[in-house]
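Novice: One structure, pasted below without further comment.
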Amino acid sequence: MDRKKLMDFAKEAAYKTNFFMMDKGKYVPFLWPQPKLISGAGSSLKAPQVLREQGISRVLVVTGPRSGRILAEPILAELDKYGLPYEHFYEVEANPSLETAEKIARLYRAAGCDGFLAIGGGSPMDAAKGAAARIARPNTPFAKLAGVMKLLVPAPPVVAIPTTAGTGSECSFVAVLTDHQREIKIAITDQHLIPKAAILDPELTLGLPQSLTASTGVDALTHAVESYTNAAYGTDFTVRCAEEAVVKIFRNLEKAYHDGGDLEARREMLEASYKAGLAFTRTGVGNVHAIAHALGGKYGIPHGLANSVILPIVLEDYGSVVYTKLAHLAELTGVKTEGTEEQKARAFIGAIRALNARLGLPTGLADIRPEDFDHVARTAVREATHTYPTPVIYTVERCRHVLNRIYLEA
Ligand SMILES: [Fe+2]
């Protein structure tokens, strides 16, 4: 055995031992807190009461420019009516940066706030959670907070109102931020970042553009499928959440895409995204997310779009290792109920590809550059290794091969 093969073998053994040990403690994440859930059409107007219940007396509202201008307005009017003072940071960009999280934390301290209200897609929620991490650990650089359970101290409370159905950030323990200097995304993952309350108001998602409905919906699907196919940490609870999410997404994503005003489909998609968030917070995501984060950090490719392209390619690359689980998903969704496990699993992957096509999502990414693949693969493998209990442990070579497919299938 040559030196490189020996190193890969040793790495894989260490990785498996780590997951075996951590799998024994899987009921610890099961006991992690869930946000208080408030849902239903118009429920976002209950935000002032929800904030008060959480002991928040001066809130920093965090939004992007669109959610801040249109969607947050009625909620801010309720805060005024209720007499709950607030500051408003409305400049969160897509793929929020470390600098944005720093700015939010500075405003929070200067204004004497004692909690966050994040309104928007994943970006405002992650930026608020990133700022909460910064406030909890003011003297620790973000680079040292990246990874699992590095925060370890309570952070200011976050109440989250998602306006897309995809990220699951309203119930997850992760804040993903972009480090522009190093051209990478970092994921700060800690139970103290789980929002204290989540308000799922489908009315806020009615105006979501088709392309965002599609890419965020497939992001939620990716959370559920990666959680479901992971090799460790799964419990009956996470399995049920992931299965429910997959079924709801297959039934409702296209309805919401074709008729943005379908309130019932929007409500189901918000629930699916939430369930998928509960699942992956306890089991982790996997190689699809690790690659999507690496491509997002390098090229700024939107997260949901990247996931939609990468998901079927990685599932095909996993091969027989995931046939049993994917076959079960094929049965639950009605994609294929007869035949061998392999046939059903392949049909399920085919159904994801077909869904992507009907949603106008691409089959590959033409703008990524082969000369960057080594760097991107190393970044992705670094994230996935010892973080996610993936069904297949990627080496840099195998990840490069997957990147090549992502490039060639464009
Ligand atoms: Fe995601």
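The values are calculated or read from the model by the stated rules, or taken from the named source; none is laboratory data. What you see is a predicted model; the values in this text were computed from it and never measured. Cβ atoms come from the backbone with ideal geometry, glycine included; neighbour counts cover every protein chain shown.
Novice: If you go through segment 218-244 one residue at a time, how many are among the acidic types (Asp, Glu) and over 29 Å from Ala357 (Cα atoms)?
Specialist: Quick first cut of segment 218-244, residues among the acidic types (Asp, Glu) only: 219, 226, 236, 243-244.
Cutting the leftovers down to over 29 Å from Ala357 (Cα atoms) gives us 236.
Counting residues in segment 218-244 that are among the acidic types (Asp, Glu) and over 29 Å from Ala357 (Cα atoms) gives 1.
Novice: When only residues in segment 158-190 that are surrounded by fewer than 19 Cβ atoms within 10 Å (Cβ to Cβ) and touching a residue at least 40 places away in the same chain (Cβ under 8 Å) count, which is nearest to the ligand (Cβ to nearest atom)?
Specialist: Start the filter on segment 158-190 by keeping residues that are surrounded by fewer than 19 Cβ atoms within 10 Å (Cβ to Cβ), which leaves 179-183.
Next, only the ones that are touching a residue at least 40 places away in the same chain (Cβ under 8 Å) stay: 179-180, 182-183.
Working: Asp179: 18, His180: 20, Arg182: 20, Glu183: 19 Å.
Taking the candidates together, the pick is Asp179.
Novice: Please state which one of Glu397, Glu316 is within 22 Å of Leu221 (Cα to Cα), in the same structural domain as Thr213 (by TED's automatic domain parsing) and not hydrophobic (A, V, I, L, M, F, W, C). Break it down stepwise before answering.
Specialist: On the way: Glu397 fails: within 22 Å of Leu221 (Cα to Cα).
After ruling out the rest, the residue left standing is Glu316.
Residues are listed down the side, and each one gets a yes or a no for (1) among the polar types (S, T, N, Q); (2) within 20 Å of Gly304 (Cα to Cα); (3) free of Cβ contacts under 8 Å to residues at least 60 places away in the same chain; (4) in the same structural domain as Gly297 (by TED's automatic domain parsing):
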site	(1), (2), (3), (4)
Lys325	no, no, no, yes
Val335	no, no, no, yes
Glu338	no, no, yes, yes
Ala366	no, yes, yes, yes
Arg369	no, yes, yes, yes
Thr390	yes, yes, no, yes
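Novice: If a residue must be closer than 20 Å to His375 by Cβ and away from the ligand (no atom under 11 Å from the Cβ), how many such residues does segment 267-289 contain?
Specialist: If we filter segment 267-289 for residues that are closer than 20 Å to His375 by Cβ, which is where we start, we get 287-289.
Add one more test, that the residue is away from the ligand (no atom under 11 Å from the Cβ), and what stays is 287.
Count: 1.
Novice: Let me ask you something else. Can you tell me how many residues within segment 118-153 are in contact with a Ser or Thr (Cβ under 6 Å, 6 or more places away or on another chain), crowded, with 22+ Cβ neighbours inside 10 Å and among the hydrophobic types (A, V, I, L, M, F, W, C)?
Specialist: Initial filter on segment 118-153 (in contact with a Ser or Thr (Cβ under 6 Å, 6 or more places away or on another chain)): 119-122, 124-127, 148.
If we keep only those that are crowded, with 22+ Cβ neighbours inside 10 Å too, we end up with 119-122, 124-127.
Filter once more, so that each one left must be among the hydrophobic types (A, V, I, L, M, F, W, C): 119, 125, 127.
Selection size over segment 118-153: 3.
Novice: Follow-up question, since we're still on this one. For segment 235-246, check the following and say yes or no: at least one residue is of a type in the set (A, V, I, L, M) and more than 14 Å from the ligand (Cβ to nearest atom).
Specialist: So the first thing to find is which residues in segment 235-246 are of a type in the set (A, V, I, L, M), and the list is 239, 242, 245-246.
With the extra rule that they be more than 14 Å from the ligand (Cβ to nearest atom), the set shrinks to 239, 246.
Among the residues of segment 235-246, at least one is of a type in the set (A, V, I, L, M) and more than 14 Å from the ligand (Cβ to nearest atom), which makes the answer yes.
Novice: Continuing with the same structure: Just name the residue that is farthest from the ligand (Cβ to nearest atom) out of those in segment 213-234 that are of a type in the set (Gly, Ala, Ser) and part of a helix (DSSP H, G or I).
Specialist: Across segment 213-234, the extreme among qualifying residues is Ala214.
Each row is one residue, and each column tells you yes or no for (1) over 30 Å from Leu193 (Cβ atoms); (2) touching a Gly at 6+ places or on another chain (Cβ under 7 Å); (3) at pLDDT 95 or above.
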position	(1), (2), (3)
Gly277	no, yes, yes
Gly284	no, no, no
His303	no, yes, no
Leu311	no, no, yes
Leu315	no, no, yes
Leu329	no, no, yes
Ala354	yes, no, yes
Gly364	yes, no, yes
Asp367	yes, no, no
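Novice: Just checking, how many residues over segment 295-308 are within 13 Å of the ligand (Cβ to nearest atom) and either touching a Lys or Arg at 6+ places or on another chain (Cβ under 8 Å) or closer than 16 Å to Phe373 by Cα (or both)?
Specialist: Within segment 295-308, the first condition is being within 13 Å of the ligand (Cβ to nearest atom), and the residues that meet it are 295-296, 301-308.
Those still in the list that are either touching a Lys or Arg at 6+ places or on another chain (Cβ under 8 Å) or closer than 16 Å to Phe373 by Cα (or both) too: 295-296, 301, 306.
Result for segment 295-308: 4.
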